[in-house]
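The values are calculated or read from the model by the stated rules, or taken from the named source; none is laboratory data. As the structure is a prediction and not an experimental result, all values here were calculated from the model. Reconstructed Cβ throughout: ideal geometry from the backbone, glycine too, with neighbour counts over all protein chains shown. We work out accessible area using only protein heavy atoms, side chains counted, and drop any ligands, DNA or RNA first. Shrake-Rupley method; radii C 1.70, N 1.55, O 1.52, S 1.80 Å.
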Amino acid sequence: MQTPSENSIVPIGLITQKIYFVRSARVMLDADLARPYGVATKNLNKAVKRNMRRFPQDFMFQLSPNEMRNLRFQIGTSRRSQGGRRYAPYAFTEQGIAMLSSVLRSARAVQVNVAIMRTFVRLREMLATHEELRRKIDAMEKRYDARFQAVFATIRQMLETPVPAKKPIGFHAKLELTANAAQTNKRRHK
């Protein structure tokens, strides 16, 4: 039997990469949602604007210029002068994403929503696990003396939220291909 992530229309790993933390909420941007739904960002936003009653401020909000700059720095979106977006993107919370399937009304939208909701549930489970671990460490720390303080400090540091690794920028040649090319050139020049 397949797991939910195997038969999902959108891989959970891809969804997880597109969830950002803005205004103390986990959100996904309109452009990142439009791709898996199979619609243009412009059309997704039009559908949302036609149904604004379904999207209160705690379901969806438009990013401020400062938030756009911060996200541009994090994810590398382009400026308007370089062909980027004209308008600030909309950010959808988990509840707003759940509401999108009723606005878009397609079988694909329902499947994409199921995959996204499973991802949000998995994230909550992971955070709950970390919190439970943190409480257990606090309890152990109270029971043991100062000799173990260094161990507890290291464990706490490891439990902190990791910063995702950034993708390298630029061209990177594979070393095997470069070595093979050098050997081929030597043979040709002999």
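Overview of results
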| quantity | calculated |
| --- | --- |
| Verdict on ARG135 being modelled with pLDDT of 75 or more, among the charged types (D, E, K, R) and in contact with a Phe, Trp or Tyr (Cβ under 8 Å, 6 or more places away or on another chain) | no |
| Qualifying residue in the stretch 37-47 (condition: under 13 Å from ILE116 (Cβ atoms) and modelled with pLDDT under 90) | yes |
| Hey, ILE116 among the aliphatic types (A, V, I, L, M), at pLDDT 85 or above and either open to solvent by less than 80 Å² (accessible area, probe 1.4 Å) or not in a helix (DSSP H, G or I) (or both) or not | yes |
| Qualifying residue in the stretch 166-182 (condition: over 17 Å from ALA31 (Cα atoms), assigned to a helix (DSSP H, G or I), modelled with pLDDT under 80 and among the charged types (D, E, K, R)) | yes |
| Pairs where the first residue, in the stretch 40-53, is within 11 Å of MET99 (Cα to Cα) and surrounded by 12 or more Cβ atoms within 10 Å (Cβ to Cβ) and the second is basic (Lys, Arg) and modelled with pLDDT of 90 or more, C-beta under 9 Å, 6+ apart | VAL48/ARG54 |
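Residue-by-condition table, conditions (1) closer than 16 Å to LYS42 by Cα; (2) among the polar types (S, T, N, Q); (3) modelled with pLDDT under 85:
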position	(1), (2), (3)
GLN74	no, yes, yes
SER78	no, yes, yes
GLY83	yes, no, yes
TYR90	yes, no, no
GLU94	no, no, no
SER102	no, yes, yes
ARG108	no, no, yes
VAL112	no, no, no
